[in-house]
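Quick notes on the structure that follows.
Derivation of every value follows stated rules applied to the coordinates shown; laboratory data play no part. Note that this is a predicted model, so its numbers are computed, not measured. Don't worry about glycine lacking a Cβ; one is built from the backbone with ideal geometry, like all the others, and counts go over all protein chains shown.
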Amino acid sequence: MGQAGHHRGAVIETRRLTRRFGAETAVDGLDLSVPAGSVFGFLGPNGAGKTTTIRMLLGLIRPSGGEVRLFGRPLDGNRLDTLLGVGALVETPSLYPNLTGRENLDVTRRLLGLPGSAIDCALARVGMTAASGKLVRHYSLGMRQRLGLALALLPEPALLVLDEPTNGLDPAGIHEIRGLVAALPREHGMTVFLSSHLLSEVEQTATHLGIIGRGRLLFQGTLEELQARRGTRLLLGTDRDERARALLVGAGWEVRGSPNSALHVSASTPEDAARVNRLLVEAGVGVFHLRVEQPSLEETFLDLTREAER
Amino acid sequence: MTRLLRAVGAEMLKTRRTLAVWMTVLTPMVVCSIQLVILLRWGKPVGTEKLDAWKTSISQCNLLWVLLVLPLFITLETALLAHAEHAEKQWKHLFALPVPRWAFYAAKWLVGAGLVLLGQIFLVIGEIAIGYLAGWLEPALGFGPFPPFWWTVRILSLAYLISLIVLSIHTWVALRFHSFTVAVGVGMAAAVANAMVNSSEDALHFFPWLLPGNALHHAEAIAWLPWALTVGIVGGIALAVAGGWDVTRRDVL
């Protein structure tokens with residue numbers, strides 16, 4: 001891993017990182033800080049700017065403004081030295097279908113001047129040793145994804161950047177990749193930067209989260225910090241939802257919920273629950289369900305990104 | 001230098017089981033097969049006052065090669081080599097590696113040059129082989145026992161060196177544009193233009209795709225061979241550097 005492997009503090013830091021494509025701003029003043037040894041889940045809906053950010057982190061595209069620092073050094077001007085400590089899988093794996101799995105790894109091994117044993121090591125790590133002699137054109141999607149991961153792991157990087165690594169995988173494949181990614185910091189001291197558009201995808205593996213929406217960073221911190229941001233709300237079941245909604249909105253409550261689903265009222269205390277209940281019952285609306293609850297992480301994430309969309 | 005050698009090694013590995021390698025054998029084989037059919041249908045001595053049967057046959061073969069086939073061969077080789085990277089969006093993997101971007105471009109150019117050279121070597125072998133075969137099947141053609149090996153090598157070497165500028169143009173087009181159609185289209189347009197501007201005295205000196213063909217026509221005597229070699233080699237290297245600069249500074253979107 002070289003010097004990069006011993007870096008403490010933030011492995012990735014971006015300062016006011018911005019990328020514009022014509023009039024459109026894909027990434028807007030991003031200040032990321034990814035701690036060493038973490039699994040950093042980089043979340044956002046499709047088109048939020050995740051892949052553009054990752055491409056800037058890897059030097060594939062130049063920022064319109066701001067700076068990327070990897071292992072404490074600016075990427076600009078130190079691209080080759082800095083990337084020595086980085087392994088990446090950006091979107092779908094880049095593989096040569098006319099070559100076997102082993103030969104595909106050998107292409108990158110030759111480019112990096114690594115020993116032949118690095119191939120065996122990477123193949124074993126992703127459980128692809130047995131299939132490594134097969135031509136990649138005959139690989140399933142899951143096998144291709146695992147080989148892509150092996151490519152990223154080949155140089156034993158200190159930082160592993162994975163862009164939607166479970167895209168297109170079946171549940172078993174997702175579970176497998178998830179387990180592998182979670183073990184990397186523990187077993188090999190790697191820092192993992194993992195992008196996804198699904199919170200459920202990363203919440204079991206990530207120690208830290210960054211949430212991006214419309215190119216802006218909406219949240220950054222640990223899972224616990226995100227949990228602490230969750231408020232409470234009142235879950236309401238009535239026999240006349242539309243009437244109940246009108247009454248509550250008229251009384252100044254904020255109400256959410258689609259037709260044929262429970263109503264969510266922005267109330268947080270038992271006293272609020274009692275007031276809501278009284279208002280509805282006195283107006284002749286039957287209340288059959290009333291509960292104060294905390295939204296899930298997924299809902300908090302969706303709320304954050306929906307706000308950014310507005 | 002080490003980085004370049006590594007990149008060339010990786011590039012060579014990528015050509016395994018590819019049409020690009022098969023083309024180096026198949027293309028000269030097609031040209032030589034056509035020449036064999038022509039010889040056998042001719043059926044009488046093929047030599048002239050100036051050139052014996054060997055040189056006449058090889059010159060005819062070379063003419064077909066350099067005027068029509070070589071530009072298309074270079075087009076296809078460079079397009080196939082570049083397509084290997086464009087097809088599965090390899091650039092996002094390659095350019096994220098701690099390897100200088102120019103090394104990828106230079107390796108691509110060198111392997112392209114190597115494949116074209118291989119094709120020319122097979123052409124020399126094929127031209128001599130069909131001479132022997134035609135002479136054995138039809139002794140009246142007048143092929144002697146000793147083919148002009150070094151004469152053939154000299155002419156095709158000149159054509160090869162002059163065609164480096166064409167290689168640089170097509171390497172740039174193929175790597176710069178993702179579309180296989182664009183890469184092949186430029187080569188086909190050049191081949192058509194070759195036929196159209198062939199009679200223009202000015203074009204003979206400046207149209208890159210015509211230069212190798214004219215080196216063959218005039219290799220014995222012409223004064224502008226040094227000019228053609230200069231354009232081919234120096235122009236080829238200059239364009240390779242310029243193309244590499246253009247392609248490697250681009251964003252990988």
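Structure summary
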read-out: Computed lengthening from B:Val21 to B:Val241, 0.36 nm per intervening residue step minus Cα-Cα distance; value: 76.7 nm
read-out: Top positive-direction residue, dipole computed over the stretch A:113-186 with Cβ charges, set A:Leu180, A:Gly116, A:Leu135; value: A:Leu135
read-out: Hz values of 3J(HN,Hα) by residue in the stretch A:137-148 - Karplus curve (6.51, -1.76, 1.60), Gly and Pro given as x; value: 5, 9, 6, 6, 4, x, 5, 5, 5, 5, 5, x
read-out: Relative contact order (%) - criterion: Cα under 8 Å, at least six apart; region: the stretch B:93-239; value: 28 percent
read-out: Percent of beta bridges antiparallel (DSSP, the stretch A:2-223, rounded to nearest 5); value: 55 percent
read-out: Degrees between helix B:164-176 axis and first principal axis of chain B (Cα, 0 to 90, nearest 10); value: 40 degrees
read-out: Relative contact order (%) - chain A, alpha-carbon pairs under 8 angstrom, separation at least six; value: 20 percent
read-out: In Hz, Karplus ³J(HN,Hα) per residue of the stretch A:187-204 (6.51, -1.76, 1.60; θ = phi - 60°; x = Gly, Pro); value: 8, 10, x, 7, 9, 10, 10, 10, 9, 7, 9, 10, 5, 4, 5, 10, 5, 7
read-out: Relative contact order of chain B, defined on C-alpha pairs under 8 angstrom at six or more residues apart (%); value: 28 percent
read-out: Loop-resident sites, the stretch A:215-280, for GluC sites (Glu not before Pro), counting at most 14 other Cβ within 10 Å (DSSP); value: A:Glu254
read-out: Placed amide H near A:Phe42: partners under 5 Å, 5+ positions off or other chain; value: A:Leu194, A:Ser195, A:Ser196, A:Gly210
read-out: Tensor-based shape of chain B (alpha-carbon gyration tensor, a/c under 1.5 rounded, otherwise prolate or oblate); value: prolate
read-out: Residue-by-residue Karplus 3J(HN,Hα) for the stretch A:155-171, coefficients 6.51, -1.76, 1.60, Hz, glycine and proline x; value: x, 6, x, 7, 10, 10, 10, 10, 9, 6, x, 9, 3, x, 8, 7, x
read-out: Point-charge dipole on Cβ atoms (K/R +1, D/E -1) for the protein assembly as shown, about Cα centre, debye to 20; value: 480 debye
read-out: Burial ordering of A:Asp81, A:Asp106, fewest other beta-carbon atoms within 10 Å first; value: A:Asp81, A:Asp106
read-out: Length released on extending from A:Val287 to A:Arg186, taking residue separation times 0.36 nm less the Cα-Cα span; value: 31.3 nm
read-out: Amide H contacts under 5 Å for A:Gly237, placed H, 5+ residues apart; value: A:Phe288, A:His289, A:Leu290
read-out: Footprinting exposure proxy for B:Thr2, B:Thr48 (fewest neighbouring C-beta atoms within 10 Å first); value: B:Thr2, B:Thr48
read-out: Residue among A:Ser33, A:Ala88, A:Pro74 farthest towards the positive dipole end of the protein assembly as shown, charges placed on Cβ; value: A:Pro74
read-out: Excluding exposed DSSP-loop GluC sites (Glu not before Pro) (at most 15 other C-beta within 10 Å), longest clean stretch of chain B; value: B:50-219
read-out: Amide hydrogen neighbours beyond the local backbone of A:Phe21, cut-off 5 Å, H modeled; value: A:Ala26
